[in-house]
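The structure appears below as structure tokens.
The values are calculated or read from the model by the stated rules, or taken from the named source; none is laboratory data. Keep in mind that this is a model prediction, so the values were computed, not measured. Note that we place each Cβ from the backbone using ideal geometry, even for glycine, and neighbour counts take in every protein chain shown. Only protein heavy atoms, including side chains, enter the accessible area calculation; ligands, DNA and RNA are left aside. Shrake-Rupley method; radii C 1.70, N 1.55, O 1.52, S 1.80 Å.
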Amino acid sequence: ERYAPIGTVRSEESRQALLAGTAGIGATDKDAAPVPPESVVVCDITNADTSVIDELMNDCDALMICTSAKPAPTGEINEDTKRPIFGFPNGQPELVDWIGQKNLIDAAKKAKKDVHVVLCGSMGGTNPNNSLNNLGKVTNSDGSVTGGDILKWKRKSEVYLMNESG
């Protein structure tokens, strides 16, 4: 039996970049096989309406979750450290690495009791002081801090998967 993998992306722009293959990410390997268009579906896992995810999970034997919020420089510099400030222009970690991954886990559970789920996590998720958690954090005018905590949200998804898998 052969598997028919389906990759999901959150936007048509990401789909087109993936379909461009390694050339789309700057590689020069001319022998790289293109990604078949039917293997890449636009499906925003962060949407509250999970009907597209639910449909994709029908007849699915396995789910590999390889999502991540993607930090990017904002163009600003931290005056104290003189380092670039990072943000998450395409979704904060709470939305992508927690809500999105939870939506995928829930859809797998709904679709088929014995679907295999593999979650690509990240080292450092059990250390709340890991420096990666500082990326994208913002101190608000009232002194509260929001955003960031990428490893915290990834770890929350890992724990959720362990708890949901019985």
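Could you name the aspartates and glutamates whose alpha carbon sits less than 14 Å from that of residue 154, not counting residues in the same chain fewer than 8 places away?
By straight Cα distance, residue 154 reaches 94, 97.
When ranked by the protection proxy of mean other Cβ atoms within 10 Å per residue, highest first, what sequence do the peptides 2-12, 117-127 form?
My ranking of the peptides, most packed first, is 117-127, 2-12.
Taking all protein chains in place and a 1.4 Å probe, what share, in percent, of the accessible surface of the chain do carbon and sulfur account for?
Summing carbon and sulfur atoms, their accessible area is 53 percent of the total for the chain.
Name the residue from 165, 47, 90 whose Cα lies farthest towards the positive end of the charge dipole of the chain, charges +1 on Cβ of Lys and Arg and -1 on Cβ of Asp and Glu.
165
May I ask for the distance between the Cα centers of region 46-83 and region 134-149, given as a whole number of Å?
Each part reduced to its Cα centre gives a spacing of 19 Å.
Rounding to the nearest 20 debye, state how big the charge dipole of the chain is about its Cα centre with +1 on each Lys and Arg Cβ and -1 on each Asp and Glu Cβ.
For this selection, approximately 400 debye.
Excluding same-chain residues fewer than 8 positions from residue 82, which lysines have a Cα within less than 23 Å of its Cα?
Excluding near neighbours in sequence, the set is 70, 137.
In a Debye calculation with equal point scatterers on the alpha-carbon sites of region 86-152 and no solvent, what is log10 I(q)/I(0) at q = 0.24 Å⁻¹?
Those come out to -1.06, one per q.
Hey, if we sort 83, 155 by accessible area with the 1.4 Å probe, largest down, what's the order? Please list the in-between numbers first.
Values: 83 160, 155 75 Å².
Result of the area sort, largest leading: 83, 155.
Suppose accessible area is computed on protein heavy atoms with a 1.4 Å probe; arrange 68, 157 from highest to lowest.
68, 157
Return the FRET efficiency for the residue pair residue 39, residue 74: r is the Cβ-Cβ distance, R0 is 22 Å, and the value is rounded to the nearest 0.05.
0.05
Hey, what's the chain come to in accessible area per residue, 1.4 Å probe, Å²?
Heavy-atom SASA per residue in the chain reads 67 Å².
Please list 109, 102 from largest to smallest accessible area, probe radius 1.4 Å, with all protein chains kept in place.
Working: 109 115, 102 60 Å².
So, going from the largest accessible area down, we get 109, 102.
When only Cα pairs under 8 Å and 6 or more residues apart are kept, what is the percent relative contact order across the chain?
20
Between residue 126 and residue 18, what FRET efficiency follows from the Cβ-Cβ distance if R0 is 35 Å, with the result rounded to 0.05?
Calculated value: 0.65.
Would you please give the FRET efficiency between residue 144 and residue 11, computed as 1/(1 + (r/R0)^6) with r the Cβ-Cβ distance and R0 = 41 Å, to the nearest 0.05? It would help to have the intermediate numbers written out before the result.
Values: r = 30 Å, r/R0 = 0.74.
Efficiency at R0 = 41 Å is approximately 0.85.
Arrange the peptides 71-81, 144-154 so that the one whose residues have, on average, the most other Cβ atoms within 10 Å appears first.
Details: 71-81: 10.5, 144-154: 20.1.
Most protected by this proxy first, the peptides run 144-154, 71-81.
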